[in-house]
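Asks: Okay, here's the structure, questions in a sec.
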Amino acid sequence: QVQLVESGGGLVQAGGSLRLSCAASGRTFSRQTMGWFRQAPGKEREFVAARNWRGETTFYADSMKGRFTISRDNAKNTMYLQMNSLKPEDTAVYYCAASGSSYASHAYEYDYWGQGTQVTVSY
């Protein structure tokens, strides 16, 4: 089992920044990829970014490149998503997830999920 707890969401004005955190515990060594997804009301869950849990490989959805950065603190077993230049269309619930597959970028490839954290970007 893997437990994931997100934090750091909130309300921010357009152009602002937020950093989301995902604290991981349990059998994290069994997972290959850790990722971030988001889901806006009435829309499907969308891939944001991911990284190889034990390496340095990162990959992003095209619309997030240059604005979002995924990183990891090994000592704290925590993954981060730094979000800059936020836009109102970034408003969504953001989820942290863990996958047993390498380079996973689809929700169906992830088998552990956090509870989500709300990000709201105002005009």
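Asks: Whole Å is fine, so just give me how far the alpha carbon centre of the stretch 46-123 lies from that of the stretch 3-35.
Replies: First find each Cα centre; the distance between them is then 7 Å.
Asks: What is the local net charge at residue 108, summed over the other residues whose Cβ is closer than 15 Å to its Cβ (Lys, Arg +1; Asp, Glu -1)? Show your work: numbers first, answer last.
Replies: Numbers: positive: 45; negative: 44, 46, 109, 111.
Result for the neighbourhood of residue 108: -3.
Asks: Let me check the size of the chain from its C-alpha atoms; what are the radius of gyration and Dmax in Å?
Replies: Final numbers for Rg and Dmax: 13.3, 41 Å.
Asks: Continuing with the same structure: Given a 1.4 Å probe and every protein chain left where it sits, what share in percent of the accessible area of the chain is carbon and sulfur?
Replies: Working: 2900 of 6150 Å².
That fraction is 47 percent.
Asks: Here is a follow-up. Leaving out ligands and nucleic acids, and using a 1.4 Å probe, what accessible area per residue does the stretch 4-123 come to in Å²?
Replies: On the way: 5920 Å² over 120 residues.
For the stretch 4-123, the per-residue accessible area is 49 Å².
Asks: Ok, one more. Pairs of alpha-carbon atoms within less than 8 angstrom and 6+ residues apart define the contacts here; what relative contact order does the chain have, in percent? Intermediate results must be reported in sequence, preceding the final value.
Replies: Values: 317 pairs, mean separation 44.5, N = 123.
Result for the chain is 36 percent.
The values are calculated or read from the model by the stated rules, or taken from the named source; none is laboratory data. Just so it is clear, the structure is predicted and the values come from calculations on it, not from any experiment. Cβ coordinates were reconstructed from backbone atoms using ideal geometry, including for glycine residues, and neighbour counts include every protein chain displayed. Side chains included, ligands, DNA and RNA excluded: accessible areas come from the protein's heavy atoms. Shrake-Rupley method; radii C 1.70, N 1.55, O 1.52, S 1.80 Å.
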